[in-house]
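Reading through the structure tokens given below for one structure.
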There are 2 protein chains.
Amino acid sequence: MKKKTTIYDIAAKLGLTAATVSRALNNNVKISLNTRKLVLETALEMNYEQNKLALALKSGKSYNVGVIVPRIDSNFFSSVIRGIEEELYPKGYHVIICQTHNQENLEIEKINSLLNVQVDGILMSISNANLENDKGFNKLIRNKRTPLIFFDRKKNIKGVSSVTVDDFKGGYEATKHLIEQGCRRIAHLSNDRKFEIFNNRFLGYKKALSDNGIEFDESLVIETQSNVLDGRRAARLLLDMETPPDAIFSSSDFAALGAIQEIKESGFNIPEDMCVVGFSNEPFTRFMELTTITTVDQFPLDMGRKAAQVFLEEVGNTEDTKTTQNIVLTPELIVRRSSSKKWKD
Amino acid sequence: MKKKTTIYDIAAKLGLTAATVSRALNNNVKISLNTRKLVLETALEMNYEQNKLALALKSGKSYNVGVIVPRIDSNFFSSVIRGIEEELYPKGYHVIICQTHNQENLEIEKINSLLNVQVDGILMSISNANLENDKGFNKLIRNKRTPLIFFDRKKNIKGVSSVTVDDFKGGYEATKHLIEQGCRRIAHLSNDRKFEIFNNRFLGYKKALSDNGIEFDESLVIETQSNVLDGRRAARLLLDMETPPDAIFSSSDFAALGAIQEIKESGFNIPEDMCVVGFSNEPFTRFMELTTITTVDQFPLDMGRKAAQVFLEEVGNTEDTKTTQNIVLTPELIVRRSSSKKWKD
DNA sequence: CATTAGGTTGTAATCGATTGCAATTTAGGC
DNA sequence: GCCTAAATTGCAATCGATTACAACCTAATG
């Protein structure tokens, strides 16, 4: 187990100083061509590799960024991360992953943990709906020296940039589409509306209704977790109503899938008896056999890339007059069979 | 933009030395109770946080591990990563993600890049089937000071531990199951057999055939990429044969899905006319409406956890007599409708 | 009262690389 | 042959924390 070679080893071997070796390796300074060549050759031959830790300590830049997500094993988040990684790696950055599992207390812990390892920035999707009230978080914001960027699940906090999708538009388009299909009694599977994303989808839904002269009915809105089982539960509730709805706009693909299962098993047809629209364009929505699911694509890869770009701008921006950016991507409704009464292949 | 407080700041404020402060913060050494208390209080009040970079440089441990995968936005790999992260975070480690996109040249680049940032270990799933012939990789192995652990796609390399699933058994069980369903002419959608995982699935398939007195037919084995389109293409080839098979064992869920689509669209029924088994237990295999897909679960979460555990053992093992571990998880056949002729809900 | 042991704290080197400033060498001009 | 300026290279501090060793102080003991 040999030790790694350092610039001191090279210097010793050549009867030079570490300073000279360092300069020779970094090309820029005035070093004679001879020594430069000599150093470069020796470095190669001794398998020298720069220790980025030492560099990071000296320069104050670790070239690491932290990414915090509720979980990584969902297509949406792993796609965002993929986008971030692809954008940042060519610039010399590495991506450190943290999961919160939606546990609010873990979120601050992970932020602090990332700051401790001196990340140059943090990109995160919020798990804690009350994040802005957290003491630790506020401290972080106030002594802001590390760029923080929200994606998807954000909070409106002064000085914090964000990259999101236009959830209002997504909700609006989805609902409008259902109305165009002839649906008049449209239910909505919402989620914790303390999160902007869910609230905005809800608001888009509501606006589309009113724009089309349909009265909003509170009883048709059900708060649902983003999973199959909760989607079933919600659908059951709706089907058991005196006047069941003729369509469901779900803020989650997983809940939409659960709803579809429950509806079908209750003997109803989709889309004839009930149209369904999901949200996120999860891979399985395309893979359904009979009832491919209409959904809203959020372009997570682009979201990751954009978030990374915002980070790069902020980290390159040394002035204190940092401009906060709130980038909003445009979602796209993808119409499939679950909501399309005149669907044909 | 305040600077971070260091132990020197604390020392200065208290008229002490950084050494004393350091010791006080690290509890263990002989420091008078008074100073210890004083230091702790001042540290809290000044918002002191240990700079892990400095610590890493001093101790030679970065508490970062690198994970290299072909891509992160697939359920299998993101689940493995989830397992790794969950296992290592409580031990103080952070996980750095790298993707290779199956580009062979990128693999070595990423390894070197991770070594440069002084990761304490690398966990990887191989993209390059010829990795062991690569010069850079060999160098890495020879001056081994950073634990390297393979998961899923491994190579048999002396001194390198691995965590894999028993692909042979997976292939064997899948094929045996098809035989038990009455199938006699079983095709296999293979993949690049330079990778152990695909070769072992193939060998398991072959063994199950011979154990049951079925002759192996080379023409029923088709090399297929792990995606839907290629699965369709392969199924087309099989359907166009003079004597088409009565079952398909695919080494990929995605290819299995493509095959199912092609088969159904050609007017055949599954499982009556053709049984299909996939591999990986991707989420969508469970979500299919008519034909949920029989598949083999590889327990990626466990794989990640185990790989992380092996890393922890190796990194804690200072002796040079490091024992190489080759952990093999047992896969589980999950029978669903696509292969089960007497299926009932 | 002097010696000594034990308890505390300081000194300085270390990890590996960078960089302002000083020192040295070299070349060129007269 | 001498002086000056330019070209190279060395010196030493720095980033923040740890730690072996030395130094100091205090109090107890003979």
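The values are calculated or read from the model by the stated rules, or taken from the named source; none is laboratory data. Quantities reported herein were computed from a predicted structural model and do not represent experimental measurements. In this analysis, Cβ positions are derived from the backbone assuming ideal geometry, glycine residues included, and neighbour counts consider all displayed protein chains. Please note that ligands, DNA and RNA were not included when accessible areas were found on the heavy atoms of the full protein model with its side chains. Shrake-Rupley method; radii C 1.70, N 1.55, O 1.52, S 1.80 Å.
The table below lists the values:
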| item | result |
| --- | --- |
| Looking only at the range B:236-267, and only at residues there that are within 14 Å of chain A (Cβ to nearest Cβ) and among the β-branched types (Val, Ile, Thr), the one that is nearest to B:SER226 (Cα to Cα) | B:ILE260 |
| Meets criteria (touching a Pro at 6+ places or on another chain (Cβ under 8 Å), within 10 Å of another protein chain (Cβ to nearest Cβ) and under 25 Å from B:THR100 (Cβ atoms)) for A:GLN99 | yes |
| Count of the range A:66-79 residues which are part of a helix (DSSP H, G or I) and either more than 20 Å from B:LYS110 (Cβ to Cβ) or more than 9 Å from chain B (Cβ to nearest Cβ) (or both) | 3 |
| Residue count for the range A:176-205, restricted to those that are open to solvent by 70 Å² or more (accessible area, probe 1.4 Å) and within 26 Å of A:ALA129 (Cβ to Cβ) | 2 |
| Within the range A:38-65, tally of residues that are part of a strand (DSSP E or B) and more than 8 Å from chain B (Cβ to nearest Cβ) | 1 |
| Qualifying residue in the range B:206-221 (condition: of a type in the set (S, T, N, Q), assigned by TED's automatic domain parsing to the domain that holds B:SER280, open to solvent by 30 Å² or more (accessible area, probe 1.4 Å) and within 29 Å of the chain's Cα centre (by Cα)) | no |
| Qualifying residue in the range B:13-33 (condition: away from chain A (no Cβ under 12 Å), in contact with a Gly (Cβ under 6 Å, 6 or more places away or on another chain) and aliphatic (A, V, I, L, M)) | no |
| Some residue of the range A:275-282 being within 10 Å of chain B (Cβ to nearest Cβ) and part of a helix (DSSP H, G or I) | no |
| Selection within the range B:129-139 - open to solvent by 10 Å² or more (accessible area, probe 1.4 Å) and free of Cβ contacts under 8 Å to residues at least 60 places away in the same chain | B:GLU132, B:ASN133, B:ASP134, B:LYS135, B:GLY136, B:ASN138, B:LYS139 |
| Residue that is nearest to B:LEU114 (Cα to Cα), among those in the range B:86-100 that are hydroxyl-bearing (Ser, Thr, Tyr) and open to solvent by less than 30 Å² (accessible area, probe 1.4 Å) | B:THR100 |
| Qualifying residues in the range B:41-70 (those that are surrounded by 14 or more Cβ atoms within 10 Å (Cβ to Cβ), more than 13 Å from DNA strand D (Cβ to nearest atom) and among the hydrophobic types (A, V, I, L, M, F, W, C)) - the one farthest from B:THR5 (Cα to Cα) | B:VAL69 |
